[in-house]
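I have placed the structure first, in the form of structure tokens, so that the comments after it can refer back to it.
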Amino acid sequence: MPLDRTAFNALIDGTTVWNKNQIKVVILDPVDVALLVPAAPVVSTITLTGTQNDVVIPASCAVLRCNNASLLTITGIAAGVSGQRLSIHAVGAGNVALMGQLGGTASAAANRLSNFNLIGPTMLGSGAGIAVYEYDATATRWKLIAHDQGVAINVPYLNTDFTSPTGSWVVDSGDVLIWSYYQRGKYLSITIYVQLFSVTGTPAHLRLTLPNGWTTVSSVIYPGLTFINNTGGWTGGGVYQVAPDLTYVSIWTAFQGAVWATSVNTSQLQGTVTFELK
């Protein structure tokens, strides 16, 4: 909005008298331009990888571009000032893990991140994820105000991710067609498609370990699982069970009503479930 110029008729500078036009050209017009054109945000790009504590950014930095070739884990960001907003963008080939204050103790307390989920990281998918923080000088924390992972992240195969309370759930690396997750703030969606796995001991349910040390927060039963229980065709009606303070999701053919049959490379399951993280 231009300055109100009504009252500016003359300006005396020592013995020199500036008329109204001189005041307009020399003082008021440049001020109007400065008010109309906001300062460009300070943008910084880093190529760090691995675990990084107390990451240093330029003063008044507003955008941090993470151009990391492999996984980058940030536990804290140095020298935040009250009200400063920082948008972190994953622009490289590697994912970015933003550790919350419980997992970021290697950084100074005043540099730590306060995420929506208390346990485990807030993830940014390579080339797409964005998180926005604002520095709270009272709490001395970078507080997350917006987040989207940007793209699904595949979970590397680990046979110990697939367990059961009795017997065993045996999944070979070639059995896993899809095992991925997508995090938005405090909510996690997991998608699983496992073919031709084996089961022993007729367990009531199978257990899928959550990635990144994440923990569940509530007790909920979710439908949407389809499966082949040893033989036959695909069947609907399977459910996921999420219970508080666990690091896995339980997978049932029918909640508390059936078991997983003994099988040798014949059972299959697929589905997606979304739930809240602790």
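Key figures for this structure:
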read-out: Region 153-276: mean projected area of Cα convex hull, nm²; value: 6.7
read-out: Label-point separation, LEU48 to SER173 (7 Å along Cα→Cβ), nm; value: 3.2
read-out: Which of LEU225, LEU72, LEU196 has the fewest Cβ neighbours within 10 Å, and the rest in rising order; value: LEU196, LEU225, LEU72
read-out: Ascending count of other beta-carbon atoms within 10 Å, so fewest first, for CYS66, CYS61; value: CYS61, CYS66
read-out: Linear extension gain, ALA93 paired with ILE145, 0.36 nm per residue minus alpha-carbon span; value: 16.2 nm
read-out: DSSP bridge pairs, the chain: antiparallel proportion in percent, nearest 5; value: 75
read-out: Fewest-first sequence of VAL96, VAL151 by Cβ atoms within 10 Å of each Cβ; value: VAL151, VAL96
read-out: Residue-averaged [θ]222 nm for the chain, counting only DSSP H segments that reach four residues, each worth -39500 (n - 2.57); value: -1000 deg cm²/dmol
read-out: Estimated dipole of region 42-148 in Debye, rounded to 20 [Cβ of Lys and Arg +1, of Asp and Glu -1, Cα centre]; value: 40
read-out: Theoretical gain in end-to-end length, THR200 to VAL264 [0.36 nm per residue, Cα-Cα removed]; value: 22.2 nm
read-out: In Hz, Karplus ³J(HN,Hα) per residue of region 267-278 (6.51, -1.76, 1.60; θ = phi - 60°; x = Gly, Pro); value: 8, 8, 7, 7, x, 10, 9, 10, 8, 8, 9, 7
read-out: Max mean-square fluctuation residue, GNM over the chain, Cα-Cα springs under 10 Å, options THR202, THR215, THR75; value: THR202
read-out: Hz values of 3J(HN,Hα) by residue in region 81-86 - Karplus curve (6.51, -1.76, 1.60), Gly and Pro given as x; value: 10, 3, x, 5, 9, 10
read-out: Rounded FRET efficiency, nearest 0.05, which uses the C-beta distance separating ASN21 from ALA106 and R0 of 51 Å; value: 0.25
read-out: Cβ-placed point charges (K, R +1; D, E -1), dipole of region 153-276 about Cα centre in debye, nearest 20; value: 180
read-out: Cα centroid separation - region 213-278 against region 151-211, whole Å; value: 10
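Here, each number is a calculation from the coordinates, and none is a lab measurement. Remember, predicted model here, so these are calculated numbers, not experimental data. When we count neighbours, we look across all protein chains shown, and the Cβ atoms used for this are built from the backbone with ideal geometry, even at glycine.
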